[in-house]
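To start, the structure itself, in structure tokens.
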Amino acid sequence: MQGKVAIVTGASRGIGKAIALGLAAHGAAVVVAARSESPPHERLPGTIYETVAAIEAAGGRALPVRCDVTDEASVSAMVEKTLAEFGRIDVLVNNAAVDFPSPLVDMPLKRWEIVLKVDLTGPFLCTRAVLPAMMEHRRGSIINITSQAGSERGGKTVGYSAAYAAAKAGLDRLTWATAVEVEEYGIAVNGLKPAGIVDSEGMRMWASEEERKQFVPPDTMVACALFLARQDARTLTGMVATDEEYVARYGLVVPSVGGTDPGSGSRRAAGSADSR
Ligand SMILES: NC(=O)c1ccc[n+]([C@@H]2O[C@H](COP(=O)([O-])OP(=O)(O)OC[C@H]3O[C@@H](n4cnc5c(N)ncnc54)[C@H](OP(=O)(O)O)[C@@H]3O)[C@@H](O)[C@H]2O)c1
């Protein structure tokens, strides 16, 4: 990834932070794009500055950019800052997402709308904003972080998460549609979803002690994101699969990235638990 520039949305914590650290460790300059300049809640740590500090402490290069992916002007400004600082965009990881589980019968319209806006409109806005730079270079890789909730017909990943499931199903289709449209420009567009429940600050906030025991570290997601970041439309595009499926199909090696914090990774992912 030396000389490449990657934008990772939702990189203030969780899987996004782990992917940002992974891309930077392999030489990419990384734009850490999210809203938190200070922790939004005492039980929800993580800021764009902390991720950048972790990348720089490991010898990498990163730029913190406050960005709300639901806000067209904020997304445009983030892409402009990226081009002003680094002059190019090679990789976009559409990772930012929210879920507010609630029975459908009680779900306020506002809650439905915010989930759709962050999880589906956000990736659309970010993709649309980076495409001109990628099309000019006739190369690039867009990675949409999706979920089994968008493809499973039943089970606990979709219960009480109708908006999240609908948004992620939409993101899978957005992945396919975009891949077709930009193939002639050499740009890869692929979807990546966790096979297990990945340890993240967001997941930890809601989970019981018992549920946390099933969490897996983000190592496999990071390895797959690195693999997908290196693709273009000639090598792999239009694929939507779990991290375990990418590992099995392409024989990927999943190094442990050390530590227990989801930003720095930990043991190899077991991938045996159900994902949301
Ligand atoms: N963890 C899992 O087991 C699991 C399973 C299936 C799919 N996924 C997917 O993996 C991705 C990461 O999940 P996670 O568990 O790491 O989540 P997380 O810990 O809750 O982190 C979510 C990230 O999204 C950012 N974000 C939320 N709203 C945003 C907005 N409007 N604009 C910009 N950034 C925003 C947050 O940053 P700010 O608050 O700072 O903006 C945060 O960095 C998501 O796409 C999720 O759907 C995760």
For the chain, treating each Cα as an identical point scatterer without solvent, what Debye log10 I(q)/I(0) comes out at q = 0.07, 0.08, 0.11, 0.14 1/Å? -0.21, -0.28, -0.54, -0.93
Could you pull out every residue, at least 5 positions away or on a different chain, whose amide H is within less than 5 Å of the one on residue 67? Hs are placed 1.01 Å off N in the peptide plane, and Pro or chain starts have none. 34, 35
Whose amide H sits under 5 Å from the amide H of residue 242, counting only residues 5 or more places off or on another chain, with H placed in the peptide plane? 193
Before rounding to the nearest 500, sum -39500 (n - 2.57) across all DSSP H runs of length at least 4 in the chain and divide by the residue total; then give [θ] at 222 nm in deg cm²/dmol. -12000 deg cm²/dmol
Would you pull out the residues with amide H under 5 Å of residue 93's amide H, same chain only if 5 or more places away, H placed 1.01 Å from N? 7, 8, 9, 143
In the stretch 1-148, what % of DSSP beta bridges are antiparallel (nearest 5)? 5 percent
Please list the radius of gyration and Dmax for the stretch 42-116, considering alpha-carbon atoms only, with Å as the unit. 16.2, 50
Taking the Cα centre of the chain as origin, work out the dipole magnitude from +1 charges on Lys and Arg Cβ and -1 charges on Asp and Glu Cβ, in debye rounded to 20. 260 debye
Determine how large the accessible area of residue 50 is when every protein chain is in place; take a 1.4 Å probe and give Å² rounded to the nearest 10. 80 Å²
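For the chain, give me the percentage of DSSP beta bridges that are antiparallel, rounded to the nearest 5 percent. Could you put the intermediate results ahead of the total?
On the way: 1 of 29 bridges.
In the chain, DSSP labels about 5 percent of beta bridges as antiparallel.
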Within the chain, which DSSP H helices have Cα atoms that stretch 24 Å or more along the helix axis and a mean Kyte-Doolittle hydropathy of at least -0.5? 162-182
With a probe of 1.4 Å, find how much accessible area the chain has per residue, and write the answer as a whole number in Å². 45 Å²
Give me the accessible area of residue 135, 1.4 Å probe, in Å² rounded to the nearest 10. 60 Å²
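Rounded to the nearest 0.05, what FRET efficiency do residue 176 and residue 252 give with R0 = 22 Å and r taken as the Cβ-Cβ distance? Could you check? Please report the intermediate quantities before stating the final value.
Details: r = 22 Å, r/R0 = 1.01.
In this case the efficiency is close to 0.50.
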Measure off, as a whole percent, the carbon and sulfur share of the 1.4 Å-probe accessible area of the chain, all protein chains present. 52 percent
Exposure rank, largest accessible area first [76, 161; 1.4 Å]: 76, 161
What accessible surface, in Å², does a 1.4 Å probe find on residue 212, ignoring ligands, DNA and RNA and rounding to the nearest 10? 90 Å²
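The values are calculated or read from the model by the stated rules, or taken from the named source; none is laboratory data. Nothing here was measured: the structure is a model prediction, and the numbers come from that model. So basically every Cβ, Gly included, is an ideal-geometry build from the backbone, and we count neighbours across all protein chains shown. Remember, those area values only see protein heavy atoms, side chains included, never the ligands or the DNA or RNA. Shrake-Rupley method; radii C 1.70, N 1.55, O 1.52, S 1.80 Å.
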